[in-house]
Amino acid sequence: MAHGLAIGIGIILVAFILWWFFGKHQVSTAEATVVEGAKKQTADVLVDGGYKPEVVTLKQGVPATLKFTRKDPSTCLDRVVFPEWGINRPLPEGKTEEIKIDTSQAGEFEWACGMDMFHGKVIVK
Ligand SMILES: [Cu+2]
């Protein structure tokens, strides 16, 4: 009886591990809100144990602003870095930091925390 239970727990554990490593994890994505007759666009990114959303889609050629709001107290997330654009900005806890994004070129542009541990991505198309 106890043996059967152990096997059952074993099967559940294996299933969980398989799901954890090979399952499709949801990546939160968002499209920017285009305002004022498509003259600018904005998107909010919550910084709390990572980035929510992790992928932001922007319209090419429309000036864009990403608004990073850091709720996470960890110093890991206290900077945001866009290597392609030479952006390296502090994110004060509890504040919203506006970062202007160059949308003149289509493509995918990653951002990361100061230690390159957490990542997000801007898609310009
Ligand atoms: Cu970090």
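Please treat every number below as a calculation from the coordinates, not as lab data. These figures come from a predicted structure and were not determined experimentally. Cβ placement follows ideal geometry from the backbone for every residue including glycine, while neighbour counts extend to all protein chains displayed.
Packing order of peptides 84-93, 47-56, highest average first: 47-56, 84-93 (average count of other Cβ atoms within 10 Å over each peptide's residues). Local charge sum around P63 (other residues, Cβ-Cβ under 11 Å, Lys/Arg +1, Asp/Glu -1)? Taking every other residue near P63 into account, the sum is +2. Between M117 and V27, the FRET efficiency from the beta-carbon distance, with R0 = 22 Å, is close to 0.85. Given +1 at the Cβ of Lys and Arg, -1 at the Cβ of Asp and Glu and no other charges, the dipole of the range 29-124 around its Cα centre is 260 debye to the nearest 20.
Can you give the FRET efficiency to the nearest 0.05 for E108 and V35, using r as the Cβ-Cβ distance and R₀ = 25 Å? E(calc), rounded to 0.05, equals 0.60. Using the basic label-point model (7 angstrom from Cα toward the beta carbon), what is the C76 to D48 distance in nanometres? Simple spin-label model gives 1.7 nm for this pair. Here the relative contact order of the range 29-124, from alpha carbon pairs under 8 Å that lie six or more residues apart, stands at 28 percent.
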